[in-house]
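Step one of this worksheet: look at the structure below.
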Amino acid sequence: MRPLLPRLLAAAATLAVLSACAPMPAGPAEFSAGRTRVVLPSPAWEDLGSFSETLSALPPPASVPLQTRATVLRGARNEVLAVLLVQSHQRSDPRERTLWTASCPEEQGLWVRDAAAGSPLRVDCLRFKRWAHTSDRFLDKAHPGLVRWVQERGVALAQPHSHLNYRYATEGGASIEVDALVDLRLLKLPAGNTADYLRVGMAAEDWSQRMARAARVSVGMVDGFLAVPPFPAALPQ
């Protein structure tokens, strides 16, 4: 009978060679937006680059330098499923007192959460439009800069989609804003029964709240870590 130890060493060596040759599993995509470290849940996201132009409907103070990072998620046929833009301040050092345009108005057909309650010292505004593609031209009126940018880059969504806008800013000059255009198929779970049908819209609201929470938390992180939450549904085939 052959000794056990040599056989174990040989097996370990073979396993090491196979492991070295096998492709390593892909990790999440990661990009920077100002001081924010944007970590996306899948390597399928494509970087569209960064720019200093603001697309916000409420321009920030000129004294706060910002950077925007844009990313896109495509489907199996190269169709655009989601576009995500993260805009963040670029410096972490203390600033003089900054007053922001703290507007977070209610609007029919819009899910709004104003955690700052209209405070002039900070902004904490989540606005979510589940049916953003409808004939009321909501995006053209509320976010013309975003609509123009999407059209110029050729990343408009062809399928019915939602729009999320979250803005968080502090008196000390910290700022982050997230815009997301998301194919509705990624934000709803298949309705298997009556209870699921009644809850079908809750998955989208839950995702929007998790996105807002991740952005808000990132401002207080030393490295600006922002973990973008995965969509509740799988990519359509």
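Residues in the range 159-170 that are in contact with a Lys or Arg (Cβ under 6 Å, 6 or more places away or on another chain) and in a loop (DSSP other than H, G, I, E, B): Thr170 only.
Between a residue in the range 220-237 that is over 20 Å from Glu30 (Cβ atoms) and any residue that is buried (at least 16 other Cβ atoms within 10 Å of the Cβ), which pairs come within a Cβ distance under 6 Å, given they are 6 or more apart or on different chains? Going by the 6 Å Cβ cut-off, the qualifying pairs are Pro232/Ala203; Pro232/Trp207; Ala233/Leu186; Pro236/Arg185. When restricted to residues that are out of contact with any strand residue (DSSP E or B) (no Cβ under 7 Å at 6 or more places or on another chain) and part of a loop (DSSP other than H, G, I, E, B), the range 171-190 contains 5.
Throughout, read-outs are computed from the coordinates displayed, never taken from laboratory work. Because the structure is predicted, anything quoted here is derived from the model rather than measured. Every residue, glycine among them, receives a Cβ derived from its backbone with ideal geometry; neighbour counts consider all protein chains shown.
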